[in-house]
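Note sheet for the following structure.
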Amino acid sequence: MARGPKVLVVLADEASGLPAAWRGRRVRDRFTLVRSSSLADGTPAAGRVDVVLFQVDDAGRPPAPMRRLRSLDRNALLLPFRLERPGRGARRRGGARPARDTDPGLLSIGPALDERLLETLLDRERHLADQRQRVRRAVLEARDATSRMRGLTAIVRLTGSELDPHRIIDVAMERVGEFLNLRAWLFLLADPEQGLLTVERTGGEGMGAMRGKRLGIGEGAAGRAAQRRQPVILEDAGPGDASMPDLPKSSPARSVLAVPLLSRGRLIGVLVALDRRRAGHFNGQDARLLSLLLEPAAVAIDNALLLKRSEELSVTDDLTKLFNSRYLNATLRREVERSKRYRTPVSLIFLDLDGFKNVNDRHGHLWGSRTLVEVGRVIGSTVREIDVVSRFGGDEFTVILPQTGPEGAAIIAERIRQKIEETTFLASYGLEVRITASLGIASFPDHGRTKDDLLARADQAMYLVKGRGKNGVALAEVESPRPEAVRTVR
């Protein structure tokens, strides 16, 4: 070695037979000798040391507690040695060697100390210690990689068959929490078309109040992660930071890690991990680990959302975004069966706009379509939450009224008729369109026993209104024969 290691030698208080070389000035520049009693008094070593040689007795006991020896220099190599007495096997030439009959890491040092040989031994021991440290680090990294792979496999297995986006993120975060020890987190679902993030799921005390909160993409840590599609780390967010609207004011966070969830190149959402106590808690390795573990969850959420949208499209009217006739038939059948089981009424309103052809003829089909959209909104804002509004086709609409008899249905139908008559449609476009509606009502069990009975009799009642001059409400006649099919002519 170009420069010998700086060595601190800790001797037992009763040690004798020290090598003569340790008493020389040149060697003592590299070797600092202290007695164990000076360690107990708190006397520190002079400067940084590379190796701490500590003497052990015949039983292998050190002269001071090991934690005290380690505290001398945290980065120093600790090596035990035993002083060989003359006539007890010490080599006169060399004076330093590994002990053959004991621990191979124990050095035997005799009176005839050879400085260069000792430095060679120390250099070898430092090299071996470095190799052992590398092996330990490699073993730990392998364990971490295995643990991450198991967690990743568990997330893939548990979320692969799940179709509820909320359940997917809950299951994924259970596993993620095992790696990052998260005590608080937010999951925000992305709506790229509107440029919004909505808090859908939360974890941790006091985080539930954040549910439903909306942020713009680019706003706060979550918004910036969504905009950049890269993790965002805040080492010290600061309490009540106004620039961080994604942090609850009642529970401010110190450290923040926001990771975007991507699937097939699309932004699905953002996961925000919070630490309320410590600044600088998260680092780049945490961001990479969180991104890796949440990747299968992002794909599962994307699949679940696509399935949900496809199901919605199959039962949603393209124009008005109300339910379509397919959903009407399935829901009305289900409600009739429920009413039979629990002996409760259910009613159906069949609505047809009066003279809607004139709107198309006067303003064109584009404005006619927009009028239908506004009519759908008026109906939806007039009925109750439990009621089901559908577009039956053309300018015909239906409303299913669960747990409602003929009298209650008549009140709701009259409210709808009056609201349509009072509304000026297309006013926001600078037009004034006024229309009216004819509504027919049929109820279970008064007017029919099946969903087809109710549809036919409600349609028949609607045509009764048409025959009386339109713009009115009529109940189906109890004794009237059921029409063979629902008519759709104007």
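The values are calculated or read from the model by the stated rules, or taken from the named source; none is laboratory data. Everything numeric here is computed off the predicted structure, so don't read it as measured data. Please note: Cβ atoms are built from the backbone with ideal geometry, for glycine as well, and neighbour counts cover all protein chains shown. Ligands, DNA and RNA are excluded from the accessible area calculation, which covers all protein heavy atoms including side chains. Shrake-Rupley method; radii C 1.70, N 1.55, O 1.52, S 1.80 Å.
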**Request:** Could you tell me whether the stretch 228-235 includes any residue that is in contact with a helix residue (DSSP H, G or I) (Cβ under 8 Å, 6 or more places away or on another chain) and in contact (Cβ under 8 Å) with a residue 60 or more places away in the chain?
**Result:** yes
**Asked** Of all residues in the stretch 304-328 being open to solvent by 40 Å² or more (accessible area, probe 1.4 Å) and in contact with a Leu (Cβ under 9 Å, 6 or more places away or on another chain), which is farthest from Ile168 (Cα to Cα)?
**Response** Leu319
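Is it the case that the stretch 431-443 has a residue that's out of contact with any strand residue (DSSP E or B) (no Cβ under 9 Å at 6 or more places or on another chain) and not basic (Lys, Arg)? Before the answer, list the steps.
Kept after step one, since they are out of contact with any strand residue (DSSP E or B) (no Cβ under 9 Å at 6 or more places or on another chain), are these residues of the stretch 431-443: none.
Checking the stretch 431-443: not a single residue is out of contact with any strand residue (DSSP E or B) (no Cβ under 9 Å at 6 or more places or on another chain) and not basic (Lys, Arg).
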**Message:** Looking only at strands (runs of 3 or more DSSP E) that lie completely in the stretch 1-97, which have at least 3 residues being modelled with pLDDT of 60 or more and under 55 Å from the mean Cα position of the chain (by Cα)?
**Reply:** 7-11, 51-55, 77-83
**Complete:** Here, helices (runs of 4 or more DSSP H) confined to the stretch 319-406 with at least 2 residues that are under 44 Å from the mean Cα position of the chain (by Cα) and over 23 Å from Arg434 (Cβ atoms) are 325-342
**Selected residue (only one of Arg468, Arg457 is among the charged types (D, E, K, R) and surrounded by fewer than 15 Cβ atoms within 10 Å (Cβ to Cβ))** = Arg468
**Asked** Taking the stretch 171-203 as the region of interest, how many residues are within 26 Å of His281 (Cβ to Cβ), at pLDDT 85 or above and not hydroxyl-bearing (Ser, Thr, Tyr)?
**Response** 12
**Only listed residue being within 19 Å of Leu372 (Cβ to Cβ) and in a loop (DSSP other than H, G, I, E, B), chosen from Lys466, Lys470** = Lys470
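Hey, can you tell me all the residues within the stretch 135-152 that are over 17 Å from the mean Cα position of the chain (by Cα) and either at pLDDT below 75 or open to solvent by less than 80 Å² (accessible area, probe 1.4 Å) (or both)? Can you show your working first?
Of the residues in the stretch 135-152, the ones over 17 Å from the mean Cα position of the chain (by Cα) are 135-147, 149-150.
Correct list: Ala138, Val139, Leu140, Glu141, Ala142, Arg143, Asp144, Ala145, Thr146, Ser147, Met149, Arg150.
Only one residue in Glu484, Glu421, Glu396, Glu477 is farther than 20 Å from Tyr327 by Cβ, surrounded by fewer than 23 Cβ atoms within 10 Å (Cβ to Cβ) and modelled with pLDDT of 95 or more. Which one? Working first, answer last.
Numbers: Glu484 fails: modelled with pLDDT of 95 or more; Glu396 fails: farther than 20 Å from Tyr327 by Cβ; Glu477 fails: modelled with pLDDT of 95 or more.
Within the list Glu484, Glu421, Glu396, Glu477, the selection yields Glu421.
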